[in-house]
Amino acid sequence: EDEDDEGRVSEEFPRMGDAKVAGSEDTFEILYEMSRVLNCGLDRETLGILISLCENGVNPEALATVVKELRRETAALEEDEGEDEDDEGE
């Protein structure tokens with residue numbers, strides 16, 4: 001938005017911030033699609049959080065290790081809960 005001599009706002013040129021946001025959205029969509037094709041199992045929210053962490057200096061390899069460990073722990077907990085339910089049914 002540009003103001004002319006009389007203070008009116010012109011929509012002739014898009015703001016630079018709008019272009020950055022659109023570029024960021026395009027990049028995110030590409031990353032999400034790659035994640036999906038590679039069967040990473042990341043939803044949009046989780047992917048967004050991981051990207052933000054990397055943009056803020058978190059080591060991507062360390063982050064990947066943490067995600068794998070959390071998945072492993074979650075699977076183990078779900079397995080334990082399933083065994084507990086089987087024991088209750090006997």
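Derivation of every value follows stated rules applied to the coordinates shown; laboratory data play no part. Treat the numbers as computed from the prediction; the structure is a model and nothing was measured. Cβ placement follows ideal geometry from the backbone for every residue including glycine, while neighbour counts extend to all protein chains displayed.
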Cα extents of the range 26-70 along the three principal axes, largest first, in whole Å? 23, 21, 15
Pairwise label distance in nanometres, Val37 with Leu53, each label 7 Å out on the Cα-Cβ vector: 2.5 nm
